[in-house]
Every structure is written in C-alpha cells, then in structure tokens.
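*Asks:* Sharing a structure below in structure tokens format, with a few things to ask.
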Amino acid sequence: MGGLGKTTLARKIYNNSLVMNHFQCRAWVYGSEDCKTHEWLLGIIRCVMQVTVEIYEMNNEALKAILRHRLQGERYLVVMDDLWRSEIWDEVCSAFPDDLNGSRILITSRIQEVALNASATTPPFFLPFLGEEESWELFQKKVFRGGHCPSNLEDIGRKLAEKCKRLPLSIVVLGSLLATQEKSYRTWSRFIDNVNWYLTEDKTRCLDILALSYNHLPRHLKICYLYVGGFPEDYEIPARHLINLWSSEGFIEQNGNRDVDDVAEHYLEQLIDRSLIQVVSKRSDGGVKTCRIHDLLRDLCIKESRRAKFIEVHSYSNFSSMTMKSKPHRLSIMNCNMNRYISSDTCDPSYARSLLMFSKEGCLYAGQWRWVYKGFKFLRVLHIEFVYSEGIPSGIGKLIHLRCFRICNKGGETIKFIPASICNLLYLETIHIGGCVSAPLPKNIWMMKQLRCLILRDGMRLPEPPRKMDGPLWNLQVVSRLEVTRKTAQLFTMFPYVRKLYLEFQTMGTDRNVITELLQKLEHLKCLQTLKVRNFITESELLLKFFPARLTKITFVFSNLVRSHFSILGQLPNLRVLKLRDADKLYHLKFFAGEFPQLEFFGMKDLQVVETWELEKGAMPNLGRLVICNCFALKDLPDQLWDSTSLQILKVSGVSGDLENRLKNLSMKNQVKVLID
C-alpha cells in the first residue's frame, strides 16, 4: 500500500554518499499508474545524457538502443520508483546491459506481482509496518523537528502515534500538523479521538496517495474492495466468509469451469498483493484465514462508497445527525441501539441488497426482525454479528432473494430453532449460525438446491431426507458440524460433492458398527478433501483404513488416538495437513520412515500428556511448518527435524521452560524460523 515508506527508503539509498561514490552513473525516474514505456525510457535517459528533440521523437526500440549504449561499461544505479505494471519492466529491461561490474536496478512498487516479475532470483523486500517504538520515534521527529517530547506529553503523544496504526505516512502527516500547533495537553487532546478525520482532510498528502492504489484496480476488484469498508474498524474478517459475501452479491465473474470460491480467493489474493488488504492469520495450508483493512483505507472505502452510492455505513456517531432519508443499496449498521436506530427512520430499506449489522448493544426482538423482513424485500445478504437474538422468526422466509444468511449470537447464546420457512429461500447459498441451535434443522432443508455452505458452529442435527425427492444437494460443498447418529451414513448420498466435512461423534462413544458404516461411506464423497472429527473414540486402528486416500487435511479434536492410528494415517498419499487437539491418551508419538510423504503442516495443540516424539529419517520429508501449543509435558523435539531441508517455520507456545530454553539456544540449520510466544 502507499505510505509505507518505499520511496523514502529508496531515496536514502540513492543519496547515500557511499552509494554515490560507488556508482559512476545514476538515474532516478518516478512513474505513475498511467506511465508508458516511452516515458520511462525518456526519464532514465534524461538523467544520464541530454535529450534532444530527435531523441524525444524516437520509438521505444531506438530509445532502448541509445540507453544501452550510454550505460555500456558503466557501473550504474537506476531507480524506477512506483512501477505499476509488469509489462513495463518486460519492455525496458533489455535496455540495461549486464557487464558483471556491480550495476544495480532498484524498483519500488505497490504490487507484489510486479516485484516478483522483475527478478526471478532476488526475492523482493516487503516493507513492514512500523513497530511501536519506531512509530513513536518518527512521531517525535516530526512534531519536535528532531527533538524529544517533554515528559508531560509523552503519554498522550504515544496514544496519538498508536492511532496512526503504524503507517509511516499517517505519522508524518499527523506529526507535521501537530508541529504547527501549540504543544500542550489541551491541544493534543482535541486530536486523540479524531485522528483519521484530520488525516483524511489533508487529501494531497494522505488520502490521494492511498487512493492511487484503489484507482488502479479493475472494476471487479474495486467493488469487492469497497465492500470491505462495510466491516467495523480493526475487525478481523474471516476470509471464507468474505468470499461467500462477494459470491452472494454476484461480484465474482465466471471463469470457465473454475469454482466460484477459487476465483473469489484469487480476487482476495490480488487485493493483498496490492497491499490494500492485510493478512492477519493464515490457514494451515497457507491460505488466508483472516484479514483486515487499515483504518485510513477503510475511510477511503467509505468515502468512495458514499460517492458511488455503493454501501452506506451508519453508526451511533453519524445516524443521529442525518437530515435526509437515505436509500442505500447496501447498509452496514454499527454500534447502534437497534430500537433507537429503527425509530429514527433514517433510511428507506426497500432498495438495499445487503444488510450488515455489528452492534454489541443491539438486540433483535420481534419488532426489529419485522423491520428487517418487511422492509428489506430485495435483500441478498443478511449478516448479523454481536447482536443478541432469542431465535430466528418465520418471517425470514419472506426474504426470497436471500443468498447468504449469517448470524453470530452475542456470547454464543442458544438460538432455539431455525424456522421451517427458511426452506422457502430457494436461492440461499450460505447458512452460517454462530451459536447453539437446540432443535434439529427443518425437514425441508433437502429442498434447498442452491445451498453451498451449511455451518452451525456448535453442532447440528440433520433430518432424514424424504423418500421421494428431486435429487441430492449437488451444490453443497461445506457441512460443519454434523452430529453423528445411526443414520448419518445414509445422509452422505444427499451431498455427494461436499469438499469440507466436520463430524461430531457422541461424547460417551459411538457404536463401532455405526463408526464403521460411516467411515466406509466416506469413500462415496468423491470431492472430499478436508475432514474434521470430534470425539472420535475407538481403539481399532483398522477403522482409519476407510479414510479416503484423496484427503488433504485431517483434524482430530478430543479424540482417543494412539500410536497405531498414525501408522494408518501415515499411508494417506495426499495428506498435507494434520492437526491434533486435546488427545488426552496420547503419551508418545513415533513416525516411521516413509510415513506422511506429502505432509506440509503438522499442528499439536493442548496435548497435555504427550511426553516424547520420535521421528525416523524419511518420515515427513516435506514438512514445512510445525506448530506446537500447550504441550507442557513434551520433553524435547526429534533431532531429525533439524536435518530437514523442507522445514521453514517452527511456532511454539505453552511448552515447558526447559524445552523453550533449548529451542532458544539451538543452532538452527537451513534457516528454520523459530517463533516462541
């Protein structure tokens, strides 16, 4: 993203006296998102020789020949600042002769693809956000012109620096503004709750710089990006949910036979590559788990959305001051008392396609629900979070255009039941309930042919399918957290293309015959890649032989695992992720040569009794990431790990002091990154 200090760092390098003395020829050229190859070439030539009218009128090939001739035999440094397109580099790179004399080309870009394209051998350097102390040092430097902050202002000064969220551009702009103000607690306290407002008011120095990245986006990415502005400040957005929202809104363009979710994930990666969205956490397979947007970029989204009439954000601080009734196409309500908001009559909901509600003070009772299903008749997305609701009313069946429904009850409190009328929503693709539902799902759920994602965080019981029905749920890809009963195995024929499945066995153990039948039926799920099981309690390792060979990820939670189980799991040819949680009878781990040939991630969490781990040479040969959390009894890690050429990251927390000290003092081979929390 803009404002991280790429140009500042490049300028410091360029103007360093040692650098100036080392290179015989230097050139600095600044580009823009619209800059053509001809302009880049002319800009570099101007730095190294005089440009005549004849040169100015030459075509690109002639300009490259002149530049190549001028640089031949010279030790040169060329800085191409703010490069936006890979094809520009592809066109100009032949103008730079490689005489093996130490010449260098330095490129700055906001786009990861451009940086990766410029050099296949030298990985790009990604500028991080500043640390807390670095932010404070820069803030002091700008406010006090290189001096230090007096002690009576340090506390509020640090809070102001923190409000800039570690972005150098924000700190520089705010610091320069405060440098011209009276340096007193009274003056600074006026800024403390309005930092973003002051920053965005300075459009030339702040908002317009950030807007360049947004303006450069193609249209399909712009609308996806603006949608992110509908989430609260500092909110960690689950990537898969964001993808579901984009899909439900119809933002994802069809791309041949590619799955819509795969295309949407590519969209997200493009926004991340452009530094417009930050990755907060990653999944075990390396994909994005949660993400967020910097506060200033969120403000940019809100401003652009308001201008384009794309999405309106109503909060406690702004809805009471509205003088005109709005007609939003999409509405996000944050931190409002729902009774007061509805009674204020600030918007006409009849045009809205999305309703996002985030309100820790809010409650949805019958009256508020009635406002939703009577007013928002064309709603495609209904997202309710941090709001308390006793249940879901039958009136939800009136939202016939709904494609995505997500409700996460405040505190995970129980939702008594899901009404049968929800089955009338024939376009509904996502049902995500973040709370306990005490009653079984409606029996007509098998009629919802467009359903792609069915998630009940605290468990669900599916009804028996009717004897006569119009085929299975062909589109259903995610089923999470399905309680296992004697008839569960029969349900698998109803979602034959499921890709992710989370099964919960009975806490007191499930009959072996039921387990056997269920695991045998897994083989019929031809697209199943991810399997999570809870309370899997069986002494027979032979049952695991029914796990499909196509599985790429398996998670065990509260499961009775012993060494013999792993000899079966270790033979799965495509398994890349294995996660173990809360296995209270697993005292020893031992993996033999040849086991887990494709495993890339291994996670152990809350294995309170595991003491030893042995790893034979040739076991887990492709392990790249190892995460160990709350395994206090674990005495040591296998020496074989340190001989691995594939291991890149070891993340450890909640282990014994002895093991932690050994890891801190360990002389690591092959540049393994050890993270100890």
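The values are calculated or read from the model by the stated rules, or taken from the named source; none is laboratory data. These numbers were taken from a predicted model, which means no experiment stands behind them. For neighbour counting, all protein chains shown are included, and Cβ atoms are generated from backbone atoms with ideal geometry for every residue, glycine included.
*Asks:* Out of (1) outside any loop (DSSP other than H, G, I, E, B); (2) in contact (Cβ under 8 Å) with a residue 24 or more places away in the chain; (3) surrounded by 14 or more Cβ atoms within 10 Å (Cβ to Cβ), the odd one out for SER94 is which?
*Replies:* Failing condition for SER94: (3).
*Asks:* Here's a check for you: in the stretch 142-161, which residue that is among the charged types (D, E, K, R) and modelled with pLDDT of 85 or more is farthest from the chain's Cα centre (by Cα)? Write out each step before concluding.
*Replies:* Residues of the stretch 142-161 among the charged types (D, E, K, R): 142, 145, 154-155, 158-159.
Now drop any that are not modelled with pLDDT of 85 or more, which leaves 154-155, 158-159.
Details: GLU154: 34, ASP155: 33, ARG158: 28, LYS159: 27 Å.
It comes out as GLU154.
*Asks:* Regarding the stretch 63-71, can at least one residue be identified that is surrounded by 13 or more Cβ atoms within 10 Å (Cβ to Cβ), aliphatic (A, V, I, L, M), under 41 Å from the mean Cα position of the chain (by Cα) and not in a strand (DSSP E or B)?
*Replies:* Scanning the stretch 63-71 turns up no residue that is surrounded by 13 or more Cβ atoms within 10 Å (Cβ to Cβ), aliphatic (A, V, I, L, M), under 41 Å from the mean Cα position of the chain (by Cα) and not in a strand (DSSP E or B).
*Asks:* Output yes when any residue across the stretch 166-181 is at pLDDT 75 or above, under 28 Å from the mean Cα position of the chain (by Cα), in a loop (DSSP other than H, G, I, E, B) and basic (Lys, Arg), and no when none is.
*Replies:* Within the stretch 166-181, one or more residues are at pLDDT 75 or above, under 28 Å from the mean Cα position of the chain (by Cα), in a loop (DSSP other than H, G, I, E, B) and basic (Lys, Arg).
*Asks:* Counting only residues that are in a helix (DSSP H, G or I) and among the acidic types (Asp, Glu), how many does the stretch 19-62 have? Quick ask: steps written out before the conclusion?
*Replies:* Keep residues of the stretch 19-62 that are in a helix (DSSP H, G or I), which gives 19-22, 37-48, 53-56, 60-62.
Right, trim to among the acidic types (Asp, Glu) and you get 39, 54, 61.
Selection size over the stretch 19-62: 3.
*Asks:* For residues in the stretch 386-407 being under 24 Å from the mean Cα position of the chain (by Cα) and closer than 19 Å to SER247 by Cβ, which is modelled with the lowest pLDDT?
*Replies:* Pass one, the stretch 386-407, residues under 24 Å from the mean Cα position of the chain (by Cα): 386-387, 403-407.
If we keep only those that are closer than 19 Å to SER247 by Cβ too, we end up with 403-407.
Numbers: ARG403: 95, CYS404: 94, PHE405: 95, ARG406: 93, ILE407: 90.
Checking each candidate, the answer is ILE407.
*Asks:* Every residue in the stretch 5-18 that is surrounded by 14 or more Cβ atoms within 10 Å (Cβ to Cβ), of a type outside the set (Val, Ile, Thr) and not in a loop (DSSP other than H, G, I, E, B), please.
*Replies:* Passing the criteria: LYS6, LEU9, ALA10, ARG11, TYR14.
*Asks:* Yes or no: the stretch 298-307 includes at least one residue that is part of a helix (DSSP H, G or I), touching a residue at least 40 places away in the same chain (Cβ under 8 Å) and aliphatic (A, V, I, L, M). Give the steps one after another, and end with the answer.
*Replies:* Taking the stretch 298-307 and keeping what is part of a helix (DSSP H, G or I), we get 298-307.
Keeping just the survivors that are touching a residue at least 40 places away in the same chain (Cβ under 8 Å) gives 298-305.
Next, from what is left, pick out any that are aliphatic (A, V, I, L, M): 300, 302.
Yes, some residue in the stretch 298-307 is part of a helix (DSSP H, G or I), touching a residue at least 40 places away in the same chain (Cβ under 8 Å) and aliphatic (A, V, I, L, M).
*Asks:* In addition: If we keep just the residues of the stretch 287-333 that are small (Gly, Ala, Ser) and at pLDDT below 85, which is nearest to the chain's Cα centre (by Cα)?
*Replies:* Among those that are small (Gly, Ala, Ser) and at pLDDT below 85, it is SER315.
*Asks:* Could I ask something else about it? Can you report the number of residues in the stretch 565-610 which are small (Gly, Ala, Ser), more than 16 Å from LEU647 (Cβ to Cβ) and at pLDDT 90 or above? Show your work before the answer.
*Replies:* Taking the stretch 565-610 and keeping what is small (Gly, Ala, Ser), we get 567, 570, 583, 593-594, 603.
Of the ones still in play, those that are also more than 16 Å from LEU647 (Cβ to Cβ) are 567, 570, 583, 593-594.
If we keep only those that are at pLDDT 90 or above as well, we get 570, 593-594.
Number of matching residues: 3.
Conditions (1) over 22 Å from GLU483 (Cβ atoms); (2) touching an Asp or Glu at 6+ places or on another chain (Cβ under 7 Å), marked per residue:
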residue	(1), (2)
PHE358	yes, yes
PHE378	yes, no
GLU385	yes, no
CYS408	no, yes
LYS449	yes, no
ARG452	no, yes
GLU464	no, no
GLY471	yes, no
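*Asks:* Looking only at residues that are surrounded by fewer than 16 Cβ atoms within 10 Å (Cβ to Cβ) and not hydroxyl-bearing (Ser, Thr, Tyr) in the stretch 420-446, which one is nearest to the chain's Cα centre (by Cα)?
*Replies:* Filtering first and then ranking leaves LEU426.
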